[in-house]
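**Student:** Following this message is one structure expressed as structure tokens.
The values are calculated or read from the model by the stated rules, or taken from the named source; none is laboratory data. Just so you know, these numbers come straight off a predicted model, no measurement behind them. For neighbour counting, all protein chains shown are included, and Cβ atoms are generated from backbone atoms with ideal geometry for every residue, glycine included. Protein only, heavy atoms only, side chains kept; ligands, DNA and RNA dropped before computing areas. Shrake-Rupley method; radii C 1.70, N 1.55, O 1.52, S 1.80 Å.
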Amino acid sequence: MGRQRGASAQDRFEYKSAIDMAKALKPLSRPLSQQPETLTSDEQEMLAQCKAAIDTLQWAFWLAGKALENIREGRLYRAESESFDEYVWKHWRMRKAYANKLIRTWRIAEAVFELLSNEAAPNGAAKKPTPLSANAEKALKALNQAQVWELVPVADCWDVDAAVLVYQATVEVDGVNVTAKVLKGAVEALPEGDFDAEEITAHVRAYLESLNERGEDDDEPVDFAEQVEKAVPSRWVRRLAKKDSAAAHRYLDELQAHIDKCRAELLATSVPDQKSAPASEGTTPEAETQETAAA
């Protein structure tokens, strides 16, 4: 599509879908100008379109979750399909479990985005720097669906504000690279019982401090009991069971199915030991060689 002369920036950037945005973005094979450092107005517009497209990719899960919930709750599928599950599979080959996963994450994603964006680019007079504002911009760029998904158990047990608090407490600790794995550990370290903001923050910080002190050393022997406790968040399961016993049982069933699958894959790829038969009891291979030579 060519540029519309006289059209406002808002008119040029109004797309009905991501497909429209992709079609409108002209491919470049060379620079639009020969200016060595500065960009022309056309180049600035092109860069803005490119950044908007990439931002759409980063936040697509948030938008998709919100849209899917509207379709489901508003029964907007009813003109074509008998059920929401049938509709999302027909249009996007999306399974019910994944659609529900996107729906469960979008509110947390939206709240975390608002928290970080307000801290990364505060409005009005300059604010006094805080631990959150110091790390907000980096965290905002790295935020993804995997991180948000690890916060879902917190929202399920308490609410979205509690999930955001866990994320905020993690971001505020200097030197911590916020990843899905780190957030998973922080969530599993949370106490049981009623919601207490100070107690939750204290537990998250204690967990992150223990990570900094322990570090990761591949040469250290594996503590299987510790790994099992991390893999099966028993405290979280108990909290979930108090709220929804059936959901807790479904979680454990899924976990057991995953364990069975891993065990089957491990057995399928294991190579039988091809070592020679062991020496007789009490006799080393070296001793057997010596006895043979003596004979």
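**Student:** If you take the residues of the stretch 74-105 that are among the small types (G, A, S) and loosely packed, with under 12 Cβ neighbours inside 10 Å, which of them is farthest from C157 (Cα to Cα)?
**Tutor:** Here the residue is A79.
**Student:** Is it true that G215 is at pLDDT below 50, among the small types (G, A, S) and at positive phi?
**Tutor:** Spelling it out, it is not the case that G215 is at pLDDT below 50, among the small types (G, A, S) and at positive phi.
**Student:** Here's a follow-up. Taking the stretch 49-59 as the region of interest, how many residues are touching a residue at least 24 places away in the same chain (Cβ under 8 Å) and open to solvent by 40 Å² or more (accessible area, probe 1.4 Å)?
**Tutor:** Going through the stretch 49-59 one residue at a time, the tally reaches 3.
**Student:** If we scan the stretch 178-200, do we find a residue that is exposed (fewer than 13 other Cβ atoms within 10 Å of the Cβ), more than 23 Å from R235 (Cα to Cα) and modelled with pLDDT under 90?
**Tutor:** no
**Student:** Just give me the residues in the stretch 243-280 being surrounded by 11 or more Cβ atoms within 10 Å (Cβ to Cβ), at pLDDT below 85 and in a loop (DSSP other than H, G, I, E, B), in sequence order.
**Tutor:** Within the stretch 243-280, just A279 meets the criteria.
**Student:** So which of L208, L165 is part of a helix (DSSP H, G or I), open to solvent by 30 Å² or more (accessible area, probe 1.4 Å) and of a type outside the set (V, I, T)?
**Tutor:** L165
**Student:** Can you tell me how many residues in the stretch 168-185 are touching a residue at least 24 places away in the same chain (Cβ under 8 Å) and assigned to a loop (DSSP other than H, G, I, E, B)?
**Tutor:** Of the residues in that region, 7 qualify.
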